[in-house]
Amino acid sequence: MRRMERDRSICLRSEETVPEPGRHVPHHPSPNSCQGHQARMFTRSGYTQEAARQTPLVVVGIDVSKARLDVGVRPSDERTSVPYDAHGITTLIAQLTPVQPTRIVLEATGGLERPLVRALVDAALPVIVVNPRQVRDCAKATGPWAKTDVLDAQVLARFGEVIRPPLRVIPDAQTQELAALLARRRQVLAMQGAEQNRRDRAPARVRKRIEVPLRWLRAELARLDADLDEMIQQSPLWREREDLLQSVPGIGPVMSRTVLAELPELGLLNRKQIAALVGVAPFNRDSGRLRGHRAIWGGRAPVRRALYMAALVATRWNPVIRVFYQRVRTAGKAPKVALVAAMRKLLTMLNAMVHAGTPWQPVVAQDT
């Protein structure tokens, strides 16, 4: 194959289908094609359009850092990097769009990846954000113990190619803004609690100084609640969903808004899937004759924390959850185990209500 000159752009995948083995398919050139010109790709390994016909499934891994995006492609093992800025994202999308990858895999990096994810979603590219622990375990299992940004991009592509993580719902920009406001509210509450604890133990002279940030934190909390109310009121869909969720005794504004922002899958999954996604599904720890202690693991911590408080209130004021909680306690379960079971029961009810689009009905809820 003729060696092509160097180019950092990602190779184009052929639009033709792969013929069945042993079957001859005549070639009919497209009237819009440029005859005599091959699509340029990561030419360091000579990966051309002809090779793309034989490997139609392309998986891309992107390692995100503050200054750079390192990109790895499977099965060609090609790599490139672009600056992590507006121009770099635009360049990367222009290279990825004709490739038509089946998956673009990124690690969760505490929010650093969000601008890139939003741009990829807007470009209709199949992006998925995965747990870094799972990717690192995959890397250890396949051999490369070294860790660099370039290797991480290749590992992400390999992870997407082998594991094939399912694509999930990516929140839109408005939902992400709502989630950011809720996250900031949690931060302000944490700071307020810390300052209150310090004030209670501080001498009188120091206590006066602590009152200053406490007043600002209370005012900031009120401003955040006002912004959240305004966002909810501006969206008819969110207003309807919030009214639906808050019709359940024990569900207040914090829980309903956390679900709106952090759990867009509610109503789209079955009860086992939604429980595992939130992190209230107990997992087995059995081996041979050993029957280990069942425990919940993983999941979305913000949703689980809000659900914990909602279930705590529901065990007193929700007739269905109260009876369920008492029955589990009567069966000999520990209070925390019974409360986690009540969390799972409450989440299952909310999932069924959102799926059906019907408000709280205690008679129906008892059979959920």
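Bear in mind that the values in this text are calculations on the coordinates, not laboratory data. For clarity, every value in this text was computed on a predicted model and none was experimentally measured. All Cβ positions, glycine included, derive from the backbone under ideal geometry; neighbour counts span all protein chains shown.
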Pairwise centroid distance, computed over Cα atoms, of region 231-287 with region 305-351, Å: 15 Å
With each pseudo-label sitting 7 Å past Cα toward Cβ, what's the Leu221-Thr90 distance in nm, one decimal? 4.4 nm
For region 245-293 the trypsin sites (Lys or Arg not before Pro) that pass both the DSSP coil test and the at-most-15 other-Cβ-within-10 Å test are Arg285, Arg289
What list do you get for Tyr308, Tyr325 if you sort them by fewest beta carbons within 10 Å? Tyr308, Tyr325
How large is the dipole of region 247-368 about the Cα centre if only Lys and Arg carry +1 and Asp and Glu carry -1, each at its Cβ, rounded to the nearest 20 debye? 560 debye
Among bridges DSSP assigns within region 43-163, what percent are antiparallel (round to 5)? 60 percent
Among Ala202, Gln192, Leu224, the residue whose Cα sits farthest towards the positive end of the charge dipole of region 171-234 (+1 at Cβ of Lys and Arg, -1 at Cβ of Asp and Glu, taken about the Cα centre) is Ala202
Assertion target for Trp238, Trp216, ordered by fewest C-beta neighbours within 10 angstrom first, is Trp216, Trp238
Once the in-chain neighbours fewer than 8 apart are removed, the lysines whose Cα is under 21 Å from Lys345 read Lys272, Lys333, Lys336
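Which order do the peptides 198-205, 335-342, 58-65 take when ranked by the mean count of other beta-carbon atoms within 10 Å per residue, highest first?
58-65, 335-342, 198-205
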Would you be so kind as to identify which of Pro253, Leu237, Pro213 lies farthest towards the positive end of the dipole of region 213-268, taking Lys and Arg as +1 and Asp and Glu as -1 on Cβ and the Cα centre as origin? Pro213
